[in-house]
Amino acid sequence: MKNNKPNHIFKRFILLCSGLIIMAIGVAFSIKAGLGTSPISSVPYVTAKISGLSVGITTIIMNALFIIIQICILNKEYDWFQLLQFPAAILFGSTIDIAALFIDFISISSYWQQWILCILGIIFLALGISFEIQANLVTTAGEGVVLAICKVFPIKFGNMKVIFDITLVTLSVLLSIIFLGELTGVREGTIAAAILVGLITKKTNILTQKLFSIEKH
């Protein structure tokens, strides 16, 4: 088993990177749809509108802040291996901007076409998350914050994840109204993503487990 360990690590690394790229494509489709982003991308989207930076850049900045928050919460219990969340965030954020450029040619002329792109975004997000879970290497920075809070306080992960997502959406709404004078980035697509991504991930997890079986030891 020791001889196979480097190969397992390499496979996990490839799966993680693939998952991040697929998730980033999902975010790009959600932005293009114009029906609101997923909860985790709502703050980067709004802050990008406010600052003039790209969504990819604001995503990287937000994830860096999430890593700092994890360190502050866990202190000596922080697993420094999780600092790999930062290069993962750079890959994720950069791919969002690249994917947005590649799909910029897509023309939307009706509401149902917006929903097609929105659903595509949700599917890509779910599939990417499944890859990340199967990789079992590092969590995303957002999930890391939730896990850190659950480690310190007696709160179930599922409940804390819902609170975390609601907090991000609420912050996005407040920022957009205060600085932009209108609600942006949070619409019906945000609600659809909040409900469907988790449900679809359960299905895609089954697929990725069959396709990518990696020994844990």
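Points worth noting:
- Test: residue in region 144-152 that is buried (at least 21 other Cβ atoms within 10 Å of the Cβ), over 14 Å from the mean Cα position of the chain (by Cα), over 27 Å from Lys210 (Cβ atoms) and aliphatic (A, V, I, L, M): yes
- Among residues of region 1-24 that are farther than 11 Å from Thr95 by Cβ and open to solvent by less than 70 Å² (accessible area, probe 1.4 Å), those with a beta-carbon under 6 Å from a residue that is modelled with pLDDT under 90 and of a type in the set (Val, Ile, Thr) at least six positions away or on a different chain give the pairs His8/Ile214.
- Evaluation of Asn63 against the conditions (1) of a type outside the set (Val, Ile, Thr); (2) in contact with a helix residue (DSSP H, G or I) (Cβ under 7 Å, 6 or more places away or on another chain); (3) open to solvent by 10 Å² or more (accessible area, probe 1.4 Å); (4) over 19 Å from Leu91 (Cβ atoms) shows that the sole unmet condition is (4).
- Within region 105-142, the set of residues being touching a residue at least 12 places away in the same chain (Cβ under 8 Å) and of a type outside the set (A, V, I, L, M, F, W, C) comprises Gln114, Gly121, Gly128, Ser130, Glu132, Gln134, Asn136, Thr139, Thr140, Gly142.
- Condition check for Phe102: modelled with pLDDT of 95 or more, surrounded by fewer than 22 Cβ atoms within 10 Å (Cβ to Cβ) and under 26 Å from Leu15 (Cα atoms): yes
- Summed over region 153-174, the residues that are of a type in the set (Ser, Thr, Tyr) and open to solvent by 30 Å² or more (accessible area, probe 1.4 Å) give a count of 2.
- Test: residue in region 146-164 that is in a helix (DSSP H, G or I), at pLDDT below 95 and among the aromatic types (Phe, Trp, Tyr): yes
- Residues of region 68-90 satisfying the condition of being within 21 Å of Leu168 (Cβ to Cβ) and surrounded by fewer than 18 Cβ atoms within 10 Å (Cβ to Cβ): Ile68, Ile69, Ile71, Cys72, Ile73, Leu74, Phe86, Ile90
- If you filter region 105-142 down to residues that are in a loop (DSSP other than H, G, I, E, B) and either open to solvent by 40 Å² or more (accessible area, probe 1.4 Å) or touching a strand residue (DSSP E or B) at 6+ places or on another chain (Cβ under 7 Å) (or both), you find that the one that is farthest from Phe81 (Cα to Cα) is Ser109.
- Residue-level analysis places Phe124 among those that are within 23 Å of Gln209 (Cβ to Cβ) and either of a type in the set (Phe, Trp, Tyr) or modelled with pLDDT of 95 or more (or both).
- Residues in region 27-60 that are hydrophobic (A, V, I, L, M, F, W, C), in a helix (DSSP H, G or I) and without any contact (Cβ under 8 Å) to a residue 12 or more places away in the chain: Ala48 alone.
- Within the set Ile191, Ile178, the sole residue that is in contact (Cβ under 8 Å) with a residue 12 or more places away in the chain, open to solvent by 50 Å² or more (accessible area, probe 1.4 Å), under 30 Å from Gly52 (Cα atoms) and part of a helix (DSSP H, G or I) turns out to be Ile191.
The values are calculated or read from the model by the stated rules, or taken from the named source; none is laboratory data. Since we're looking at a predicted model, the values are computed, not measured. Please note: Cβ atoms are built from the backbone with ideal geometry, for glycine as well, and neighbour counts cover all protein chains shown. Accessible surface is based on the protein model in full, side chains and every heavy atom, while ligands, DNA and RNA are left aside. Shrake-Rupley method; radii C 1.70, N 1.55, O 1.52, S 1.80 Å.
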